[in-house]
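Peer 1: First, the structure itself, so that you have it in front of you.
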Amino acid sequence: MDIAPGGVRYAVAALLTGLAIARRLGRRAAVALGLVGAAAVLAFHRDPERSSPGDGVVAPADGVVSVVRTEEHDGDARVRVGVYMSALDVHVNRVPLDGTVAAVEHVPGGNRLAFSKESEHNERVHVDIAGARDYRVTLIAGAFARRIHPYVEAGDDLARGERLGHISFGSRADVLLPAGVTETDLRVSKGAGTRAGETRLADID
């Protein structure tokens, strides 16, 4: 299985930290603690292959739908679907719908729990994607997520289900669906489980 970029570096750091913390417990305990920490970090950054359906808007993340709401964006009513990723979920994010990257914007902010209301002010990266239907993906840092890693830049052509980026150590990924999509078009509701690149969030023309 592939590992997301930077995952090995974090694993080495976890190994060294474990060895340093456990020195007083003896060599075997130090090695065991370091190896467990490194294995956990590698598992967190796992990057399995996914097979996307041929149509519809797919989930940007593995996890649970934590946000479904309609809001105003640039004068239009737009539906937002947010997926919360726990520590056990895959944290590599995927492209919901074909298009071309129009802009990638980093917005500084806090690091509140990603499923809390306060997370609306967390650090985030907006990826605006233009195509037959324009939309936005937002990668949101959580309480322990201090690194958002987008893989794309303006001008990149993207296909549904392609890797978009990842967030290290807890997070949320939102999709601001294209104008004209309503909550009645959704195939998921709050509490539903999702798989990045595979679960359909909505059927659109």
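Each reported figure results from applying straightforward, stated rules to the coordinates on display, with no laboratory input. Quantities reported herein were computed from a predicted structural model and do not represent experimental measurements. In this analysis, Cβ positions are derived from the backbone assuming ideal geometry, glycine residues included, and neighbour counts consider all displayed protein chains.
Peer 1: Once the piece of chain linking Glu198 and Glu105 is laid out straight, how much longer is it, given 0.36 nm per residue of separation minus the C-alpha distance between them? Please report the intermediate quantities before stating the final value.
Peer 2: Working: separation 93, 0.36 × 93 = 33.48 nm, distance 2.56 nm.
Using 0.36 nm per residue and subtracting the Cα-Cα distance, I get 30.9 nm.
Peer 1: Using a Förster radius of 22 Å, what is the FRET efficiency between Ser86 and Glu162 based on their Cβ-Cβ separation? Nearest 0.05, please.
Peer 2: On the way: r = 24 Å, r/R0 = 1.07.
Step by step, r from the Cβ atoms, then E = 0.40.
Peer 1: Also: Using r as the Cβ-Cβ distance of Glu153 and Ser189, and R0 as 30 Å, what FRET efficiency do you calculate, to the nearest 0.05? Let's see the in-between values first.
Peer 2: On the way: r = 34 Å, r/R0 = 1.12.
So the FRET efficiency works out to roughly 0.35.
Peer 1: Could you tell me which of Gly142, Ala130, Ala173 has its Cα farthest along the dipole of the stretch 121-202 towards the positive end, charges placed at Cβ (Lys, Arg +1; Asp, Glu -1), taken about the Cα centre?
Peer 2: So the residue furthest toward the plus end is Gly142.
Peer 1: At q = 0.15, 0.20 Å⁻¹, work out log10 I(q)/I(0) for the stretch 132-205 with the Debye formula, treating every Cα as an identical point scatterer and leaving solvent out; two decimals please.
Peer 2: The Cα Debye sum returns log10 ratios of -0.62, -1.07.
Peer 1: Please turn the phi angles of the stretch 128-134 into ³J(HN,Hα) values with the Karplus equation 6.51 cos²θ - 1.76 cosθ + 1.60 (θ = phi - 60°), one per residue in order, whole Hz, x for glycine and proline.
Peer 2: With the stated coefficients, the stretch 128-134 comes to 8, 10, 10, x, 4, 9, 6 Hz.
Peer 1: To continue, here is another question. If the chain between Arg46 and Asp98 were fully stretched, how many nm would it gain, using 0.36 nm times the residue separation less the Cα-Cα distance? Walk me through the numbers on the way to the answer.
Peer 2: On the way: separation 52, 0.36 × 52 = 18.72 nm, distance 2.40 nm.
This chain segment gains 16.3 nm when fully extended.
Peer 1: Just to confirm a number: summing +1 for Lys and Arg and -1 for Asp and Glu over residues other than Val152 whose beta-carbon lies under 10 angstrom from that of Val152, what do you get?
Peer 2: Values: positive: Arg163; negative: Glu153, Asp156, Asp157, Glu162.
Local net charge: -3.
Peer 1: So which chymotrypsin sites (Phe, Trp or Tyr not before Pro) in the stretch 122-186 pass both tests, a DSSP loop state and at most 10 other Cβ atoms within 10 Å of the Cβ? Kindly include the intermediate steps, with their values, before the conclusion.
Peer 2: Working: sites: Tyr135, Phe144, Tyr151, Phe169; in loops: Phe144, Tyr151, Phe169.
Here no loop site has a sparse enough neighbourhood.
Peer 1: Can you sort Glu153, Glu162, Glu105 by how many other beta carbons sit within 10 Å, fewest first? If you can, show how the numbers build up before the last one.
Peer 2: On the way: Glu153 10, Glu162 16, Glu105 13.
Neighbour counts put them in this order, fewest first: Glu153, Glu105, Glu162.
Peer 1: Using the basic label-point model (7 angstrom from Cα toward the beta carbon), what is the Glu71 to Asp55 distance in nanometres?
Peer 2: Once both label points are built, they end up 3.0 nm from each other.
Peer 1: Over the stretch 57-202, what portion of Cα pair distances is larger than 23 Å, expressed as a whole percent? If you can, show how the numbers build up before the last one.
Peer 2: On the way: 2667 of 10585 pairs.
Result: 25 percent of Cα pairs exceed 23 Å.
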